[in-house]
1. Which listed residue (L385, V423, P343) has the Cα farthest towards the positive end of the charge dipole for the chain, taking +1 on Lys and Arg C-beta and -1 on Asp and Glu C-beta about the Cα centre?
2. State, to one decimal in nm, how far the label point of A425 lies from the label point of L19, with both points 7 Å from Cα in the Cβ direction.
3. Among K35/K55; K38/K61; K161/K204; K55/K123; K161/K361; K35/K61, which pairs are too far apart, with a Cα-Cα distance over 20 Å?
4. Just to verify a number: FRET efficiency for D353 and E187, C-beta to C-beta distance, R0 = 35 Å, to 0.05?
5. So how long is each side of the chain along the principal axes, counting just the alpha-carbon atoms, biggest first, in Å?
6. Multiply the residue separation of T310 and L284 by 0.36 nm, subtract the distance between their alpha-carbon atoms, and state the gained length in nm to one decimal.
7. If the chain between A404 and L62 were fully stretched, how many nm would it gain, using 0.36 nm times the residue separation less the Cα-Cα distance?
8. Over the chain, what relative contact order in percent results from Cα pairs under 8 Å that are six or more residues apart?
Amino acid sequence: MHREDTIAALATPLGAGALAVIRLSGPHAVEIAGKIFKGRQSLESAPPGRVLLGKMMHRGKLLDEVLCTVFRAPRSYTGENVVEISGHGGIVAATSLLRALLESGARPADPGEFTQRAFLNGKMDLTRAEAVMDLISARGEASAHAAAAQLEGRLGHAIEKLREETLTALAHLEAFIDFPDEGIDPESGAALRQRLDALQTSIKRLLSTADQGRMLREGVRLVIYGKPNAGKSSLLNLLVGYDRAMVSEIPGTTRDSIEENLTLRGMPFRIVDTAGLRESDDPLEIEGMRRTQRHLEQADVMLRIIDASTWNGETPDPLPHEIIVLNKSDLWCGGAIPEGTTPLCCLDGSGLDALVAAIMKCVRPDSLGRLDESVAINARHQHCLFRAGDFLEEAMRSLERNDAPELTSIELRSALASFGEIVGAVDTEEILGKIFSTFCIGK
Ligand SMILES: Nc1nc2c(ncn2[C@@H]2O[C@H](COP(=O)(O)OP(=O)(O)OP(=O)(O)O)[C@@H](O)[C@H]2O)c(=O)[nH]1
Ligand SMILES: [Mg+2]
């Protein structure tokens, strides 16, 4: 990556719209945009943050009438000189303007390169850079909330605190390295162990948010299963609001799993309707049921659908994260709805609200507290935290064995590096490449 380059990209989606925003960042941003911009005031003389009206002219042709905003390093999103050009939306207008900027000396930005520069210039730590992407791709309000909290630095601060505490423990330990013959006195040893214990507790607390983080980013995996003809596909259709899956009174209608994305109460879901489970020697049906099982193994929430018209009234014990749904409640003639089941009628939708409430309770147990007060880590953070925890455990063992303080200190330094990796304090090209390549261009 060459930061002496000036990069340019369309920051808004390519398509017809009222406005299109093109962004330039780099040492020559103002100069390059200035070559095309013709206004009453030149871009070079524009005060930072002032919006200038002008025409964009290139090779003697008028491209568009635009508004330009100049931001001067380091007071910009990327920490570099930035020019934002708001032109008219539309594929042709936006691309010809971008082409003119590229012909005037800018280079097309790589995916995520603006945010990567912001990170490299110290405008944000890695957790916040990742939150930018999470926010852009959020599929539900809850996901957007969690991303905004991370963008605000909530996770970054939590990790910084862990790093500081590890550093304090390290400093405490290193005091003994200077006096190798004396070893660590029992009182200091106990104090150090207490510090490491507290660190492990904090790691565990953060790790416990990993599932929540995955659900917020990728969607809750909700699997609908049960015997053939129970009304599984009818429920999928009811949830998504249109005839997504075939429904018929013939048992065995659904052969293959059907997946759909949906947002329920601000939370993204991936809903899977499955082939009904029964004895069969039809190879296709057997394969369908094998797929059902595979989805069940990965489910966050399972909806076990029971057909009220054929049910014997014995409520099965629910598995963890399972809701027993008594469908076709309109055909139930066994008196009061049995406890432990959630009644539903797919024909008129009655019972759906209560079912959705039960699903949400499964997804967001009260113990997690309100979402916007918590953090939700991603798989990369989880991996680093696991490693940090392992190093701290090693450090603890080393203390208990009364090893030379140098040895314990090596483990603590490795833990510190693992925490650092989360916020990007120890940057390796490889990690950065992996993270920012998943971004969209223009961010
Ligand atoms: N009376 C009544 N009929 C329902 C209800 N829900 C579904 N049905 C009917 O039950 C039959 C089976 O529905 P499906 O949704 O195809 O059932 P399924 O569980 O997907 O069945 P398979 O795909 O064969 O496993 C259809 O004729 C539906 O119209 C309900 O709440 N009440
Ligand atoms: Mg079906």
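No value in this document is a laboratory result; all are computed from the given coordinates. Given the structure is predicted, the values throughout are model-derived calculations rather than measurements. So basically every Cβ, Gly included, is an ideal-geometry build from the backbone, and we count neighbours across all protein chains shown.
1. Projecting each Cα onto the dipole axis, the largest value belongs to V423.
2. About 3.9 nm, to one decimal.
3. Numbers: K35/K55 11 Å; K38/K61 12 Å; K161/K204 15 Å; K55/K123 32 Å; K161/K361 31 Å; K35/K61 13 Å.
With Cα atoms farther than 20 Å apart: K55/K123; K161/K361.
4. Working: r = 60 Å, r/R0 = 1.71.
In this case the efficiency is close to 0.05.
5. Computed over the chain, the largest-to-smallest principal extents equal 81, 80, 39 Å.
6. Details: separation 26, 0.36 × 26 = 9.36 nm, distance 2.53 nm.
Once the chain is fully extended between T310 and L284, it gains 6.8 nm.
7. Numbers: separation 342, 0.36 × 342 = 123.12 nm, distance 7.40 nm.
Working it through step by step, the gained length comes to 115.7 nm.
8. Details: 791 pairs, mean separation 74.0, N = 443.
For the chain, the relative contact order is 17 percent.
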